[in-house]
1. Scan 30, 23, 71, 35 and give me the residue that is modelled with pLDDT of 90 or more and under 20 Å from residue 151 (Cβ atoms).
2. When segment 14-53 is examined, which residues are found to be part of a helix (DSSP H, G or I) and either touching a helix residue (DSSP H, G or I) at 6+ places or on another chain (Cβ under 7 Å) or in contact (Cβ under 8 Å) with a residue 40 or more places away in the chain (or both)?
3. Would you check if residue 89 is under 25 Å from residue 7 (Cα atoms) and in contact with a strand residue (DSSP E or B) (Cβ under 9 Å, 6 or more places away or on another chain)?
4. Let me confirm something: among 99, 138, which residue is within 20 Å of residue 74 (Cβ to Cβ), under 12 Å from the mean Cα position of the chain (by Cα), part of a loop (DSSP other than H, G, I, E, B) and at pLDDT below 95?
5. What are the pairs with Cβ atoms under 6 angstrom where one residue, in segment 120-136, is under 12 Å from residue 24 (Cβ atoms) and the other, located anywhere, is in a loop (DSSP other than H, G, I, E, B) and modelled with pLDDT of 90 or more? Sequence gap at least six, or different chains.
6. When you check residue 118 against the structure, is it loosely packed, with under 15 Cβ neighbours inside 10 Å, farther than 21 Å from residue 141 by Cβ, at pLDDT below 95 and out of contact with any strand residue (DSSP E or B) (no Cβ under 6 Å at 6 or more places or on another chain), yes or no?
């Protein structure tokens, strides 16, 4: 009987390729994952709308959010979910707009995504060495930092 093949990749988060000044870590591409999307978002303390409000209607991707360190509020159309390390994991459907607002110590957030029932297709800007563009990732993104857009979500209570 042949020996089983060993196939794995292990890297410290600090060695994964980062973009946008370190705020977006290309974890999926850096580890060679091909079956689902996975990135790490690093936001500074009290980030406001630095992380753009958006949905995934355009690519039908659902996402799961989990805090690795720090804290954040996941702002949704009907309320806010507080995220802390070891706390809640939250799944957000493709059509639901969402925004992340970091807490006073900032946040390191693991985001996992995929399209239900379909093979995973990476977004162009999530590949290693890809250009840092938002237009292919979230065409409906809104932030005070994106000219011509207006965020619509407000924090109306916590879950």
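The values are calculated or read from the model by the stated rules, or taken from the named source; none is laboratory data. Remember, predicted model here, so these are calculated numbers, not experimental data. Here the Cβ positions follow ideal geometry from the backbone for every residue, glycine too, while neighbour counts run over all protein chains shown.
1. Criteria check complete, one pass: 23.
2. Across segment 14-53, the qualifying residues are 20, 27, 28, 29, 30.
3. When the stated conditions are applied, residue 89 does not pass them.
4. 138
5. 126/26
6. Details: loosely packed, with under 15 Cβ neighbours inside 10 Å: yes; farther than 21 Å from residue 141 by Cβ: yes; at pLDDT below 95: yes; out of contact with any strand residue (DSSP E or B) (no Cβ under 6 Å at 6 or more places or on another chain): yes.
Against the criterion (loosely packed, with under 15 Cβ neighbours inside 10 Å, farther than 21 Å from residue 141 by Cβ, at pLDDT below 95 and out of contact with any strand residue (DSSP E or B) (no Cβ under 6 Å at 6 or more places or on another chain)), residue 118 qualifies.
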